[in-house]
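Asker: This is the structure I have questions about; it appears just below.
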Amino acid sequence: MTDALALLRPLQPEAADALERASDVAAATVPDPAVFELCRARAAALLGHPATAVEPEVQPDEAKRTALPDWRRSEVFTEKERAHLDFTEQSLMSVAALTDDQVDALLAHGSALDVHTFIAALYVTEFRMRLSLVASAVLGDEDREEEAPA
Amino acid sequence: MSQPPRIPPPTGHGPRYGTDLDHACVAFESAVVLLDGVDPLTTEIVRLRCARYHDCRRCRSVRLEAALEQGFDEELGAKIDRWEVSDLDERYKAALALTDAIIMAPGALDPTLRQRVRVHFTDAQIAEICLDVMKWSVQKVLVALRIEPAAADDLSRLTFDEQGRFRIGGPVAAAPAG
């Protein structure tokens, strides 16, 4: 799989540059980078996106990385992490089915602006992964076997 | 059904809440809507698919004026929800197959998708449709917080200015009978 930017930039350079800037701003301004990294990793697993290297300071500890696929039944996650993971999973499946309680659970741990920024960062990150997966299949070189770094 | 906002709606000059990320997202959205390699009818069909899938009340309440000028009407729009079994042109079906792949199951792609879209679209057009789907799907941020009220009770016209900023205009004229 090839990252979306590598595939889209030759074809639509200005939009790809704008997507890269949005991705950079999302990473730089998300309120709780460690929580966000858990959600990013969970989103990647649900979407079928391969794992990518992350900054060491936001890398979840080994116990959380191991427990993430079954986080609902694990005791290693905080209430804040659980609220954000629950939101992430529902948002990925169907944003229309999100409940007031799921948003309230985020608001219990951050301001309205924090919650808005988390959701916007999730959108940018989620869709970059979605585009990477699909663009690799429809635009990527079918004959290329090795993966470019994401 | 009316659903109140889950956080106070934005009230400032914008865009949205005026955060750095809001500015960056809107810059991305503007760059995408200014792309013009895909015809407005295909663009509108893709936009409405996203709007209905994400249940964006605002996006469902508007129609792209450029598409209306090319003949988009509600009879065509009604075919989007069950596009696979509709009599929509194969070009539109290919665009919708690409749309659904992105928003529904990007990790479980139909192996025929590549061929299907490349029959009807160039690589640049495929890239534009992919970016369009992401741009329209910014609705998810608004829908999650329910800060996307419908533009009006009736369908309204949607346009974009030369900077890619959206404008919601007057009502869409009713389709002629017959």
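The values are calculated or read from the model by the stated rules, or taken from the named source; none is laboratory data. Since the structure is predicted, the reported quantities are computational estimates derived from the model, not experimental observations. Reconstructed Cβ throughout: ideal geometry from the backbone, glycine too, with neighbour counts over all protein chains shown. When the accessible area is computed, the model is the full protein with side chains, heavy atoms only, and any ligands, DNA or RNA have been set aside. Shrake-Rupley method; radii C 1.70, N 1.55, O 1.52, S 1.80 Å.
Asker: Using 7 Å Cα-to-Cβ label points, what is the A:Asp61/B:Thr122 separation (nm, one decimal)?
Answerer: Output for this residue pair reads 5.5 nm.
Asker: Taking just the C-alpha trace of the stretch A:1-82, give me its Rg and Dmax in Å.
Answerer: Rg and Dmax of the stretch A:1-82, Cα atoms, are 15.0, 46 Å.
Asker: Hey, another quick one. So how tilted is helix A:33-47 from the main axis of chain A? Cα-based, degrees 0 to 90, rounded to 10.
Answerer: 60
Asker: List the trypsin sites (Lys or Arg not before Pro) within the stretch B:1-101 that fall in a DSSP loop (any state other than H, G, I, E or B) and whose Cβ has at most 14 other Cβ atoms within 10 Å.
Answerer: Taking the stretch B:1-101 and a limit of 14 other Cβ atoms within 10 Å, the loop trypsin sites (Lys or Arg not before Pro) found are B:Arg82.
Asker: Relative to the longest principal axis of chain B, what angle (0 to 90°, nearest 10) does the C-alpha long axis of helix B:40-54 take?
Answerer: In chain B, helix B:40-54 runs at an angle near 60 degrees to the longest axis.
Asker: Could you work out the relative contact order of chain B? I mean the mean sequence separation of Cα pairs under 8 Å and 6+ apart, divided by the number of residues, in percent.
Answerer: Normalised by residue count, the contact order of chain B is 34 percent.
Asker: Which of A:Asp32, A:Asp24, A:Asp100 ends up with the largest GNM mean-square fluctuation for chain A, with Cα atoms connected below 10 Å?
Answerer: Of A:Asp32, A:Asp24, A:Asp100, the Gaussian network model singles out A:Asp100 as fluctuating most.
Asker: Return the unpartnered cysteines for the protein assembly as shown, using a Cβ-Cβ cut-off of under 4.7 Å.
Answerer: Singleton cysteines: A:Cys39, B:Cys25, B:Cys50, B:Cys130.
Asker: If one takes the longest principal axis of the Cα atoms in chain B, at what angle in degrees, from 0 to 90 and to the nearest 10, does the Cα axis of helix B:90-103 lie?
Answerer: Tilt of helix B:90-103: around 50 degrees.
Asker: Once R0 is set to 30 Å, what does the formula 1/(1 + (r/R0)^6) return for the Cβ-Cβ distance between B:Asp20 and B:Ala108, expressed as a FRET efficiency to the nearest 0.05?
Answerer: Approximately 0.30, to the nearest 0.05.
Asker: Can you give the local net charge around A:Phe127? Use residues other than it whose beta-carbon is closer than 10 angstrom to its beta-carbon, Lys and Arg +1, Asp and Glu -1.
Answerer: Net of charged neighbours comes to +3.
Asker: Report, to two decimal places, the Cα Rg of the protein assembly as shown normalised by 2.2 N^0.38 Å (N = number of residues).
Answerer: 0.98
Asker: Given just the C-alpha atoms of chain A, how large is their convex hull per residue in cubic angstrom?
Answerer: Looking at chain A, the number lands at 123 Å³ per residue.
Asker: Next question. Go ahead and run the numbers for FRET between B:Asp89 and A:Ala96, Cβ-Cβ distance against an R0 of 30 Å, rounding to 0.05.
Answerer: 0.60
Asker: Sticking with this structure for a sec: If you take the accessible area of B alone, add that of A alone, and subtract the area of the pair, what total do you get in Å², probe 1.4 Å, to the nearest 100?
Answerer: Interface between B and A: roughly 3900 Å².
Asker: By the scheme Lys and Arg +1, Asp and Glu -1, what is the net charge of all other residues having a beta-carbon under 13 Å from that of B:Ala51?
Answerer: My count for the surroundings of B:Ala51 gives +4.
Asker: Let me ask something else about it. Got a number for carbon plus sulfur as a percent of chain B's accessible area, 1.4 Å probe?
Answerer: After summing per-atom areas, the C and S share lands at 53 percent.
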